[in-house]
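This report concerns only the one structure given below.
The values are calculated or read from the model by the stated rules, or taken from the named source; none is laboratory data. Computed from a predicted model, the values in this text were never measured in an experiment. Reconstructed Cβ throughout: ideal geometry from the backbone, glycine too, with neighbour counts over all protein chains shown. Note: areas computed on protein heavy atoms with side chains; ligands, DNA, RNA excluded. Shrake-Rupley method; radii C 1.70, N 1.55, O 1.52, S 1.80 Å.
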Amino acid sequence: MERSIIFFDLDGTLLNDEKKINESTREAVASLKEQGHIVAIATGRAPFFFDHIRKELDIDTYVSYNGSYVVLEGEVLFTNPLNAEALQRLTDTALQNEHAVVYMDHEDMRANVPDNERVSESIGTLNIGTLPAHDPSYYKDRFIYQSLLFCAEGEEQPYESLVSAFDFVRWHPFSVDVLPSGGSKFKGIGKITEKLGIPPERQYAFGDALNDLQMLKGIPNSVAMGSGMQEAKDAAKWVTTSNNEDGIAQGLKLAGLL
């Protein structure tokens, strides 16, 4: 069998709603590796948000920050930091609107305001066990690969017209990812598959949400979780069962990999 590469989103996909890995998923990942395939992660999370998952599944290739920080076999392959001038404009506007911002590099994260309820509630859903400390100047003199803007649905629209250098993708009722314009998991994946020389027909991707759409549309062998958003299901080639059931294993069977 020729070697394929399979990219898994984390939240709502590889992880169940308790942010844990189902036993059937663990077995499926082990089976893929035994067959000689490459198992990779493609997530909007920061690298330090899923260290424990990579170690648990022995995965050293990943696309993080929705394509802005890409690692192949433990080595950084590609980075795409946020534009510093545009980030300053966003910060200034957010302060005027009393919207919190979290700045994230490859090692850590900091918030521009202390003890913000929206920051606590949304980041708390990730079950990472920590919240960002307060450092309003963290974004200065360092590469920031992604920011989080904390605002209610619809309140991000003025920022979209103000800061054309960024894309805004909602991941929580109180928060949107702030990404380099045109960046995506799919583009990050392309850096890996090009380097490895793996053709489209041997590329697979699993996802469930809005930040997975380009990946699910662009990769021919794509699988949406049955518990995912309708937009993700419409974009994918196959739809499997939910992330709380045996969705990963069933999806790999649909794709002919198990």
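Restricting attention to region 183-198, report how many residues are more than 24 Å from T25 (Cβ to Cβ) and open to solvent by 30 Å² or more (accessible area, probe 1.4 Å).
5
Considering region 19-51 alone, what residues qualify as being more than 18 Å from A249 (Cα to Cα) and among the acidic types (D, E)?
Selection gives D51 alone.
May I ask you to verify whether D234 is open to solvent by 20 Å² or more (accessible area, probe 1.4 Å), at pLDDT 95 or above and among the charged types (D, E, K, R)?
Criteria met by D234.
Quick check on A209: is it open to solvent by less than 30 Å² (accessible area, probe 1.4 Å), modelled with pLDDT under 95 and farther than 29 Å from D92 by Cα?
Taking the combined requirement at face value, the residue satisfies it.
From T93, T125, which residue is on the phi < 0 side of the Ramachandran plot, among the β-branched types (V, I, T) and under 18 Å from the mean Cα position of the chain (by Cα)?
Every option except T125 fails the conditions.
Scan region 48-58 residue by residue and report those that are surrounded by 14 or more Cβ atoms within 10 Å (Cβ to Cβ) and either touching a residue at least 24 places away in the same chain (Cβ under 8 Å) or more than 17 Å from the chain's Cα centre (by Cα) (or both).
Residues satisfying the conditions are F48, F49, F50, I53, L57.
Filtering region 30-47 down to residues that are touching a residue at least 40 places away in the same chain (Cβ under 8 Å) and more than 17 Å from the chain's Cα centre (by Cα), which residue is nearest to G67 (Cα to Cα)?
Going through the qualifying residues, I end up with I38.
How about region 158-173: which of its residues are assigned to a helix (DSSP H, G or I) and either loosely packed, with under 12 Cβ neighbours inside 10 Å or on the phi > 0 side of the Ramachandran plot (or both)?
S161, the sole residue that qualifies.
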